[in-house]
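A.B. asks: Okay, handing you the structure first.
The values are calculated or read from the model by the stated rules, or taken from the named source; none is laboratory data. No experiment lies behind these values; they were computed from the predicted model shown. Glycine gets a Cβ as well: all are built from the backbone with ideal geometry, and neighbour counts include every protein chain shown.
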2 protein chains.
Amino acid sequence: MNTDGPLEMLIRQLAALPGLGPRSARRAALYLLTRRKTQMQPLAQAIQQAAELVRECTACNNLDTADPCRICSDPRRDAGQICVVAQVSDLWAIERTGAFKGRYHVLGGLLSALDGMGPEQLRIPTLLVRVKEPAVREVILALSATVDGQSTAHYIADHLGPGSNAKITRLAHGVPVGGELDYLDDGTIITALRARNAA
Amino acid sequence: MNTDGPLEMLIRQLAALPGLGPRSARRAALYLLTRRKTQMQPLAQAIQQAAELVRECTACNNLDTADPCRICSDPRRDAGQICVVAQVSDLWAIERTGAFKGRYHVLGGLLSALDGMGPEQLRIPTLLVRVKEPAVREVILALSATVDGQSTAHYIADHLGPGSNAKITRLAHGVPVGGELDYLDDGTIITALRARNAA
């Protein structure tokens, strides 16, 4: 193999995808080259089409072909509830549950001094503007239970306070459904004990 | 998410790649959509280019932009040795070692009654023709030490015999270099014992 032919270029580009290393990228390239009509052309088309048609919603930063996105423009969804998530993948995870009928705000990441992510790198300023609208009754901070997630939640809660009447809530911490106590970390058990409910 | 937009199509196509499931395909799609210039367009181009330019060598079935491939057309490589491999990835693995200076024959798979792979589905007939050339001195069967690999090797050895003067060899079985005896299966240890060499 020389190192700059089209085959090597394809392998290098595939290896850059998260979840694929050099070895699986070679396998994927061979997989595609032996299925040119059924897999390779459709994949190239899907990438081109998505690059052309998928855009960010100017209201909530969700990815969709429409702007505003289908969630923001759906009149059946409650504009009074804004669920704040770090990434579009978190939005998808909540949508898959079907349990939330409000709207979203995708931050595009979490505050992180190490990664140089400040409030201006995230979509926190636009969130603060959105929340000032009188229709907004509740802001649900659906951020990961990690250090970065919780410090982002703190920062937002601190800055939402003045000029907004919206209630600020967070996802509950506790034992995951189906989780065995024996395998849970101490922090989760302590939190679940403190937040115990009447049976 | 609706199920037939360009975003969902991209995720579905990515999920079809070996090594990517639905979850990692969603991550890869988001990764691409947030890096359109640096990753998404280059990947689409790499796929298109590879689909257009990469072809099978008519002699050995290797994948290359040239036909015959650079290995078959390299005068420094010994045309008297043919190394038979199941897949192009096996050829790459042997090439990475730099230890083989002959030519290859890529079968395109292994004989497998379960998967409906017979000699005609593989490139065994063209191998039998190639080996009849008087220049061919040795056929190295570099096939996996699995049931399918070994039965393919047996089949080829049986059918090469008449009409060819080439010596038929196989990769040695034994303890992998760096392998600990304690973790090896019984079959490998037995084979290594039987094939022991003078120290």
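To keep it simple, each residue is scored yes or no on (1) under 18 Å from residue B:145 (Cα atoms); (2) surrounded by fewer than 10 Cβ atoms within 10 Å (Cβ to Cβ); (3) in contact with a Pro (Cβ under 6 Å, 6 or more places away or on another chain); (4) not assigned by TED's automatic domain parsing to the domain that holds residue B:83.
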residue	(1), (2), (3), (4)
B:159	no, no, no, no
B:165	no, yes, no, no
B:177	yes, yes, no, yes
B:180	no, yes, no, yes
B:183	yes, yes, no, yes
B:188	yes, no, no, yes
B:192	yes, no, no, yes
B:198	no, yes, no, yes
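A.B. asks: Consider residue A:76 carefully, then state whether it is loosely packed, with under 15 Cβ neighbours inside 10 Å and modelled with pLDDT of 95 or more.
C.D. replies: So residue A:76 passes the test.
A.B. asks: Hey, residue B:54 hits all of (1) surrounded by fewer than 18 Cβ atoms within 10 Å (Cβ to Cβ); (2) at the interface with chain A (Cβ under 7 Å from one of its Cβ atoms) but one; which does it fall short on?
C.D. replies: (1)
A.B. asks: Consider only pairs whose beta carbons are under 9 Å apart and that are at least six residues apart or on different chains; among these, list those whose first residue lies in the stretch A:85-98 and is assigned to a helix (DSSP H, G or I) and whose second residue is of a type in the set (A, V, I, L, M) and at pLDDT below 90.
C.D. replies: Here the result reads A:92/B:1; A:95/B:1; A:96/B:1, each pair linking the stretch A:85-98 to a residue that is of a type in the set (A, V, I, L, M) and at pLDDT below 90.
A.B. asks: Which residue out of B:141, B:128, B:107, B:122 is assigned by TED's automatic domain parsing to the domain that holds residue B:86, under 24 Å from residue A:34 (Cβ atoms) and over 17 Å from the mean Cα position of the chain (by Cα)?
C.D. replies: From the options B:141, B:128, B:107, B:122, the qualifying one is B:128.
A.B. asks: Is it true that some residue in the stretch A:60-81 is more than 7 Å from every other protein chain (Cβ to nearest Cβ), touching a strand residue (DSSP E or B) at 6+ places or on another chain (Cβ under 7 Å) and among the aliphatic types (A, V, I, L, M)?
C.D. replies: So far as the stretch A:60-81 goes, yes, one or more of its residues are more than 7 Å from every other protein chain (Cβ to nearest Cβ), touching a strand residue (DSSP E or B) at 6+ places or on another chain (Cβ under 7 Å) and among the aliphatic types (A, V, I, L, M).
A.B. asks: Something else now. Among (1) surrounded by 12 or more Cβ atoms within 10 Å (Cβ to Cβ); (2) over 19 Å from residue B:90 (Cβ atoms), there is one condition residue B:117 misses while meeting the rest; what is its number?
C.D. replies: (2)
A.B. asks: Looking at (1) exposed (fewer than 14 other Cβ atoms within 10 Å of the Cβ); (2) closer than 24 Å to residue A:101 by Cβ; (3) of a type in the set (Val, Ile, Thr), can you tell me which one residue A:146 breaks?
C.D. replies: (2)
A.B. asks: Next question. Collect the residues in the stretch A:82-104 that are buried (at least 21 other Cβ atoms within 10 Å of the Cβ) and in contact with a Cys (Cβ under 9 Å, 6 or more places away or on another chain), keeping them in residue-number order.
C.D. replies: A:82, A:91, A:103, A:104
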